[in-house]
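Enquirer: Take a look at the following structure, please.
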Amino acid sequence: YLQVLTGGCKLKKTPTHILIDEAQDMCVLQHKILKRMYPKAVFTVLGDINQGISQHINTSDEESICDIYACHKIKLNKSYRSTKQISEFAKRFLPEAVSSYETFERDVKQVQLINTKNYIKQTADIIFSVPDDYNSICVLVKTADEAVSLCKKLQKYVPESVAITDETKSMHGRVLCMPAFLSKGLEFDCVIIPEAQKYADNDRL
């Protein structure tokens, strides 16, 4: 950023239009660098501060982004990806100001909360109960290390379990143990979150 301010980085005349998706996953400084490096570009910036992956990096308020790009803000408040039941469940963890978004009328089973003393065995039991025509089951945790560790334990009951990390070249298998940051944009027939209660309120999966 200091190099850009002091002329150490050559400013770019092209491209003339830049699209930024998942803008909340960049920090404020990164946005400032982009804006400075492409002074003549028009920016389209898409993001949702409630979907940030890394709390210590995320841009945590939309006004910061608006100020940097001097942008005209358009709010989209209808979710089409998730089912009604999943969306309504997710609303419980959102601030009241943003929990009024509309949900798409696509019905499935309600989200289940299960108390257990042995979360590995319980996870395996859920996997065994899933219908055969469910081709993808995601066991979701926070970090890649947790995914690897949980997968090793789960393989005692479900040998075909596969750990997915940022070093995995391709995703193959029906049961995938995966960190949350790699799951964005993906869809699964079934998602299981072991030990969900251990995540802090501002860090809920």
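Enquirer: In the stretch 35-44, is there at least one residue being closer than 20 Å to GLY185 by Cα and either without any contact (Cβ under 8 Å) to a residue 40 or more places away in the chain or open to solvent by 60 Å² or more (accessible area, probe 1.4 Å) (or both)?
Expert: Of all residues in the stretch 35-44, those closer than 20 Å to GLY185 by Cα come to 44.
Now restrict to residues that are either without any contact (Cβ under 8 Å) to a residue 40 or more places away in the chain or open to solvent by 60 Å² or more (accessible area, probe 1.4 Å) (or both): 44.
Yes, that holds for at least one residue.
Enquirer: Then there's this: Take the residues in the stretch 1-19 that are touching a strand residue (DSSP E or B) at 6+ places or on another chain (Cβ under 9 Å) and open to solvent by 80 Å² or more (accessible area, probe 1.4 Å), then tell me which one is farthest from THR44 (Cα to Cα). If you could, list the steps in order and put the result at the bottom.
Expert: Quick first cut of the stretch 1-19, residues touching a strand residue (DSSP E or B) at 6+ places or on another chain (Cβ under 9 Å) only: 16-19.
Checking the rest, the ones that are also open to solvent by 80 Å² or more (accessible area, probe 1.4 Å) come to 16-17, 19.
On the way: THR16: 11, HIS17: 8, LEU19: 5 Å.
Among those that are touching a strand residue (DSSP E or B) at 6+ places or on another chain (Cβ under 9 Å) and open to solvent by 80 Å² or more (accessible area, probe 1.4 Å), it is THR16.
Enquirer: Can you pull out the residues in the stretch 10-54 that are β-branched (Val, Ile, Thr) and modelled with pLDDT under 90? Break it down into steps so the answer makes sense when it comes.
Expert: Our first condition is that a residue be β-branched (Val, Ile, Thr); within the stretch 10-54, this holds for 14, 16, 18, 20, 28, 33, 42, 44-45, 49, 53.
Answer for the stretch 10-54, where residues must be β-branched (Val, Ile, Thr) and modelled with pLDDT under 90: THR14, ILE49, ILE53.
Enquirer: Okay, moving on. When only residues in the stretch 67-84 that are part of a helix (DSSP H, G or I) and open to solvent by less than 90 Å² (accessible area, probe 1.4 Å) count, which is farthest from THR44 (Cα to Cα)? If you could, list the steps in order and put the result at the bottom.
Expert: Taking the stretch 67-84 and keeping what is part of a helix (DSSP H, G or I), we get 67-69, 84.
Now restrict to residues that are open to solvent by less than 90 Å² (accessible area, probe 1.4 Å): 68-69, 84.
Working: ILE68: 12, TYR69: 9, LYS84: 29 Å.
In this case the residue turns out to be LYS84.
Enquirer: So which residues in the stretch 114-124 are open to solvent by 20 Å² or more (accessible area, probe 1.4 Å) and either in contact (Cβ under 8 Å) with a residue 12 or more places away in the chain or touching a helix residue (DSSP H, G or I) at 6+ places or on another chain (Cβ under 7 Å) (or both)?
Expert: ILE114, THR116, TYR119, LYS121, GLN122 - these are the residues of the stretch 114-124 that are open to solvent by 20 Å² or more (accessible area, probe 1.4 Å) and either in contact (Cβ under 8 Å) with a residue 12 or more places away in the chain or touching a helix residue (DSSP H, G or I) at 6+ places or on another chain (Cβ under 7 Å) (or both).
Enquirer: Given the structure, is GLU62 of a type outside the set (Phe, Trp, Tyr), surrounded by 11 or more Cβ atoms within 10 Å (Cβ to Cβ) and at positive phi? Spell out the reasoning first.
Expert: Working: of a type outside the set (Phe, Trp, Tyr): yes; surrounded by 11 or more Cβ atoms within 10 Å (Cβ to Cβ): yes; at positive phi: no.
Taking the combined requirement at face value, the residue does not satisfy it.
Enquirer: Determine which single condition VAL108 fails, assuming it passes every other condition in (1) surrounded by fewer than 12 Cβ atoms within 10 Å (Cβ to Cβ); (2) aliphatic (A, V, I, L, M); (3) within 18 Å of the chain's Cα centre (by Cα).
Expert: (3)
Enquirer: Considering each of PHE89, PHE93 in turn, give the residue that is under 19 Å from the mean Cα position of the chain (by Cα) and farther than 26 Å from CYS27 by Cβ.
Expert: Numbers: PHE93 fails: farther than 26 Å from CYS27 by Cβ.
Answer to the selection: PHE89.
Enquirer: Does the stretch 67-80 hold any residues that are within 18 Å of the chain's Cα centre (by Cα) and under 27 Å from VAL28 (Cβ atoms), and which are they? Walk me through it before giving the result.
Expert: Start the filter on the stretch 67-80 by keeping residues that are within 18 Å of the chain's Cα centre (by Cα), which leaves 76-80.
Passing the criteria: LEU76, ASN77, SER79.
Enquirer: Residue check: is VAL158 open to solvent by less than 50 Å² (accessible area, probe 1.4 Å), of a type outside the set (D, E, K, R) and within 18 Å of GLU187 (Cα to Cα)?
Expert: Working: open to solvent by less than 50 Å² (accessible area, probe 1.4 Å): yes; of a type outside the set (D, E, K, R): yes; within 18 Å of GLU187 (Cα to Cα): no.
No, not satisfied.
Enquirer: Give all pairs with beta carbons closer than 7 Å in which a residue from the stretch 125-145 that is over 13 Å from ILE193 (Cβ atoms) meets a residue that is open to solvent by 30 Å² or more (accessible area, probe 1.4 Å); count only pairs at least 6 apart in sequence or on separate chains.
Expert: Partner pairs satisfying both residue conditions: TYR134/ASP189; ASN135/ARG174; ASN135/ASP189; SER136/ARG174; SER136/PHE188; SER136/ASP189; ALA144/ASP166.
Enquirer: Sticking with this structure for a sec: Residue under question is GLY47, and the condition is that it be assigned to a loop (DSSP other than H, G, I, E, B) and surrounded by fewer than 16 Cβ atoms within 10 Å (Cβ to Cβ); does it hold? Show your work before the answer.
Expert: On the way: assigned to a loop (DSSP other than H, G, I, E, B): yes; surrounded by fewer than 16 Cβ atoms within 10 Å (Cβ to Cβ): no.
Spelling it out, it is not the case that GLY47 is assigned to a loop (DSSP other than H, G, I, E, B) and surrounded by fewer than 16 Cβ atoms within 10 Å (Cβ to Cβ).
Enquirer: Cβ-Cβ distance below 6 Å, separation of 6 or more or different chains: which pairs start in the stretch 183-205 with a residue that is at pLDDT 80 or above and end on one that is among the β-branched types (Val, Ile, Thr) and assigned to a helix (DSSP H, G or I)?
Expert: ILE192/THR123; ILE192/ILE126; PRO194/THR123
Enquirer: LYS109 is checked against (1) touching a residue at least 12 places away in the same chain (Cβ under 8 Å); (2) over 23 Å from GLN197 (Cβ atoms) and fails just one. What number does that condition carry?
Expert: (2)
The values are calculated or read from the model by the stated rules, or taken from the named source; none is laboratory data. Only a predicted model underlies this, so the values are computations on that prediction, with no experimental measurement involved. Positions of Cβ are backbone-derived with ideal geometry, glycine not excepted, and every protein chain shown enters the neighbour counts. What goes into the accessible areas is simple: the full protein's heavy atoms, side chains included, and nothing from ligands, DNA or RNA. Shrake-Rupley method; radii C 1.70, N 1.55, O 1.52, S 1.80 Å.
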